[in-house]
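Step one of this worksheet: look at the structure below.
Here, each number is a calculation from the coordinates, and none is a lab measurement. These numbers come from a predicted model, not from an experiment. Glycine gets a Cβ as well: all are built from the backbone with ideal geometry, and neighbour counts include every protein chain shown.
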Amino acid sequence: MTQFETQTQPAPQFAEQAQDGPLVGIIMGSKSDLETMEKAGKVLEEAEVAFEIEVMSAHRDPERVADYCRKARGRGLKVIIAGAGLSAALPGVAAAHTDLPVIGVPLSSSLSAAGGLDALLSVVQMPPGVPVAAVGLDNPRNAAHLAVRIINA
């Protein structure tokens, strides 16, 4: 294994899911992001793609994020959509703990001095070997459309 490869191990916290379980995991760093990130779920529903949606913080509960992402493939997920604002660490942390495609959704925040540019840069500036696809600011719909394309490829 090179220094840039992602290492994944199953996490006991997240149980195995049946084959008809969700294909896309939508995660976000705060409950305040839920209304925005649910828009991805609406697109997935229209495309008849099963999904799950969870709130988990890369800063406040990093072990939960790591466990979720390590176990995602074993539970049948094909793509993770991760929305985050401000320092927007969640997409990168997710990508560090899975080999599944991760789509980052940078989110604007009233607390941001940079109007969301901070989140956008955090999502797109990943180190080699930790890829995160990025969509536009506050655009979880495009993340869902991209997830559908990945699944159907």
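General observations
- In a DSSP loop and with at most 16 other Cβ atoms within 10 Å, the GluC sites (Glu not before Pro) in segment 22-94 are 48.
- In this label model, residue 50 and residue 150 are separated by 1.9 nm, measuring between points 7 Å along each Cα→Cβ vector.
- Phi angles of segment 146-151 translate, via the Karplus equation with coefficients 6.51, -1.76, 1.60 and θ = phi - 60°, into HN-Hα couplings of 5, 4, 4, 5, 4, 4 Hz per residue; Gly and Pro are given as x.
- Over the chain, relative contact order from alpha-carbon pairs under 8 Å, at least 6 apart, %: 26
- Along segment 114-123 the Karplus relation, 6.51 cos²θ - 1.76 cosθ + 1.60 evaluated at θ = phi - 60°, assigns HN-Hα couplings of 10, x, x, 4, 4, 5, 4, 5, 5, 6 Hz to successive residues, with x for each Gly and Pro.
- The alpha carbons of the chain give a radius of gyration and a Dmax of 14.2, 44 Å, in that order.
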